[in-house]
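First the structure, in the form of structure tokens, and then the observations on it.
The values are calculated or read from the model by the stated rules, or taken from the named source; none is laboratory data. None of the values given here were measured: they were computed from a predicted structure. FYI the Cβ positions are ideal-geometry reconstructions off the backbone, even for glycines, and counts take in every protein chain you see. Note: accessible area is taken over every heavy atom of the protein model, side chains too, but ligands, DNA and RNA are not part of it. Shrake-Rupley method; radii C 1.70, N 1.55, O 1.52, S 1.80 Å.
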Amino acid sequence: MPSRSAGRGAPCDPYAVFRPRQGRRVAATMAVLSMVIFTGGALSLPVDPLLGGSGVLDRLLLVCCGVALAASLWRFASIRAVPSRRGLVISNLLTTRTLEWAQIIRVQFGGGAPWVSLDLDDTDTVAVMAIQKADGAFGRGEAARLSALVQVHSTERPTG
């Protein structure tokens, strides 16, 4: 029987995928609502174009606006960071970046930043939007898990 972790809903696997909770729920809900609202709006437009109503193209454009909004919200709901024994694949809103553990120097989750950021060995900083402050204790636990993974794999780094 698989063991359960002590934390509420926290994964037992240190290599489990990092995903936000609160932001994901809100984005997914708003994506569905935008489709319902825009489609409902398109269907409720007056039919007769001769009397100032809307045509098929107007309705289609309104539905397409709803689809575009839902797609962008769904993209926000799908952000994640996937750890493995080799490294970390970070999928943020517009970019996906693959890092090896040796590249990550430090995990930061403080100050005014809404999510975790990673300091890299080339002095670059990478945001990990999958671990957010809005998730409260869950977010802090996920940041600690990522930090532990970085620490474990930093001991495996070859010394020069």
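Values computed for the structure shown
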{"quantity": "Sites Ser84 and Arg140, calculated FRET efficiency, Cβ-Cβ separation with R0 22 Å, nearest 0.05", "calculated": "0.45"}
{"quantity": "Within the chain, longest stretch free of exposed trypsin sites (Lys or Arg not before Pro) [DSSP loop, at most 12 other beta carbons within 10 Å]", "calculated": "9-84"}
{"quantity": "Probe 1.4 Å, protein heavy atoms only - accessible area per residue of the chain in square angstrom", "calculated": "62"}
{"quantity": "Among Pro14, Pro46, Pro114, residue whose mean-square fluctuation peaks in a GNM of the chain (springs only between Cα atoms under 10 Å)", "calculated": "Pro46"}
{"quantity": "Cβ charges +1 (Lys, Arg) and -1 (Asp, Glu), total dipole of the chain, debye", "calculated": "540"}
{"quantity": "Rounded D (µm²/s) - segment 75-131, Kirkwood Rh over Cα pairs, Stokes-Einstein at 37 °C, 0.692 mPa s", "calculated": "283"}
{"quantity": "Mean Cα-pair separation over length for the chain, i.e. relative contact order, pairs under 8 Å, 6 or more apart, %", "calculated": "21"}
{"quantity": "Max mean-square fluctuation residue, GNM over the chain, Cα-Cα springs under 10 Å, options Leu99, Leu118, Leu146", "calculated": "Leu99"}
{"quantity": "Computed [θ] at 222 nm, helices only, for the chain once each DSSP H run of length n ≥ 4 contributes -39500 (n - 2.57)", "calculated": "-13500 deg cm²/dmol"}
{"quantity": "Highest-fluctuation residue, Val56, Val107, Val126 considered, GNM on the chain with Cα pairs under 10 Å", "calculated": "Val56"}
{"quantity": "Using alpha carbons only: equivalent-ellipsoid semi-axes of the chain, gyration tensor based, whole Å", "calculated": "43, 18, 12"}
{"quantity": "Heavy-atom accessible surface of the chain: percent carbon and sulfur, 1.4 Å", "calculated": "63"}
